[in-house]
Amino acid sequence: SKMDAAIHFIPLWQDFLAQMHADNVKAARKILSDLGESTSYPIIPRSEILSRLQALYEAEAKAKPTPVSLIPDKAVAICSALVNPADITSAIDQLKALRQEFSLNVDPAIISELDGLNSIYKQIEAGVSTPINLLENSSRFVALRLELISLALSRYLGLEEHPQPNETIGQFLDRLIARAKEAKNWPALLKAVEASRTIATRNSSINGPSSVSPWMPLRSFVIGQNQEQAGQYSSAVVSYQDSLRDTEKVVPVDVVRDRLATIKTNHPADFEEGMQRVLNPPAPTPAPNRYPPNFPPRVNRTPPVALPSASAIQSESPARQTPTLTPQEEIPSPTPAR
């Protein structure tokens, strides 16, 4: 609920403000990332969180230049000034030349990282779809990564539109989300929401494979529309019902209600079948056996030798008695040596 979301949000926001007041940019950025990944009701628009997160990345990049090596200083200057993706190739060539001259004083990992970013830039230029989670697990070349994300977004969203000169990535995605809602363009809305969450996510391994992504209800809604158009009405009912798990008010509930009512009126048997699948989901399929039925192929079939029980051994063995000596059989004491 909204009240629960506010109770959860306010302490985190207070911690964020305290960390900003203490100039602890890293801790403040972590709190914003956690807020960006939250699945509760958004107290502050996600675009505002993304904008603040982007500003913190940029401020951190300016305050702390890319850690190459203090010797030579020219390497630091090359990396700190690298913002335009078109300059990556030139920067790599300069760093390689410096490495040949100064040997160990230019970290090869920096050159390798730039090679990877340059490969992404070439894919963008060639019109190939590229990932947009370029801020994940990274703290170097932040301004350059943000520029690559801005270039890759158009291809990712299937648009010929880019962020405006004074528009942050968060503001750009917020504008696309609002426009898609107004036009009822649900596939475009899904892509924009996915992009927003992907960029804001600090680490994709935090939630784990079993967790539900916050945009999955919206995805179920779009899938339900496709299934309904294809005549798969019972499957559409299941997908529409799944979309109602939305906790962020992204899925148009009124549209879901109308589509379910239409299917119930026009295709009552399919509607009933779909509801039965929702109320009585099939049991999960067990994981397949890793080994064939006759594994291992050769096993020693010799039965083990049966050992008698302790009671049987005790009953069959003669009782042990401690021997006693008669006076005549007593062992004489040794004679002392003379």
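The values are calculated or read from the model by the stated rules, or taken from the named source; none is laboratory data. Bear in mind that the values here come from a model prediction, so they are computed numbers and not experimental data. Positions of Cβ are generated from backbone atoms using ideal geometry, with glycine treated the same way; all protein chains shown enter the neighbour counts.
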Worksheet item: Which numbered condition trips up Leu157, out of (1) hydrophobic (A, V, I, L, M, F, W, C); (2) free of Cβ contacts under 8 Å to residues at least 60 places away in the same chain; (3) under 26 Å from Ser90 (Cα atoms)?
Response: (3)
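Considering segment 184-198 alone, what residues qualify as being of a type outside the set (Ser, Thr, Tyr), surrounded by 15 or more Cβ atoms within 10 Å (Cβ to Cβ) and within 23 Å of the chain's Cα centre (by Cα)? So that I can check it myself, show each step before the final result.
Here is the first cut: in segment 184-198, the ones of a type outside the set (Ser, Thr, Tyr) are 184-195, 197.
Remaining after also requiring surrounded by 15 or more Cβ atoms within 10 Å (Cβ to Cβ): 186, 188-195, 197.
Answer for segment 184-198, where residues must be of a type outside the set (Ser, Thr, Tyr), surrounded by 15 or more Cβ atoms within 10 Å (Cβ to Cβ) and within 23 Å of the chain's Cα centre (by Cα): Ala188, Leu189, Leu190, Lys191, Ala192, Val193, Glu194, Ala195, Arg197.
Take the residues in segment 106-159 that are part of a helix (DSSP H, G or I) and of a type in the set (Phe, Trp, Tyr); name whichever of them is nearest to Leu173 (Cα to Cα).
Initial filter on segment 106-159 (part of a helix (DSSP H, G or I)): 108-125, 142-157.
Keeping just the survivors that are of a type in the set (Phe, Trp, Tyr) gives 121, 156.
Details: Tyr121: 21, Tyr156: 12 Å.
Checked segment 106-159; the qualifying residue nearest to Leu173 (Cα to Cα) is Tyr156.
Any chance you could count how many residues in segment 79-105 are part of a helix (DSSP H, G or I), among the aliphatic types (A, V, I, L, M) and within 16 Å of Leu148 (Cβ to Cβ)?
Our first condition is that a residue be part of a helix (DSSP H, G or I); within segment 79-105, this holds for 79-80, 85-105.
When the remaining residues are screened for being among the aliphatic types (A, V, I, L, M), the result is 86, 88, 91-92, 95, 97-98, 104.
Next, from what is left, pick out any that are within 16 Å of Leu148 (Cβ to Cβ): 86, 88, 91-92.
Qualifying residue count for the region: 4.
From the list Ser239, Ser234, pick out the single residue that is within 23 Å of Lys191 (Cβ to Cβ), out of contact with any His (no Cβ under 6 Å at 6 or more places or on another chain) and modelled with pLDDT of 80 or more. Break it down into steps so the answer makes sense when it comes.
Values: Ser234 fails: within 23 Å of Lys191 (Cβ to Cβ).
Matching residue, one of Ser239, Ser234: Ser239.
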Item to complete: Take the residues in segment 109-144 that are exposed (fewer than 13 other Cβ atoms within 10 Å of the Cβ) and at pLDDT below 80, then tell me which one is farthest from the chain's Cα centre (by Cα).
Response: Ser129
Worksheet item: Of all residues in segment 268-297 being among the hydrophobic types (A, V, I, L, M, F, W, C) and part of a loop (DSSP other than H, G, I, E, B), which is modelled with the lowest pLDDT?
Response: Phe295
Practice prompt. Please find, within segment 151-183, the residue that is surrounded by the fewest Cβ atoms within 10 Å (Cβ to Cβ) out of those that are among the hydroxyl-bearing types (Ser, Thr, Tyr) and closer than 17 Å to Leu135 by Cα.
Written response: Tyr156
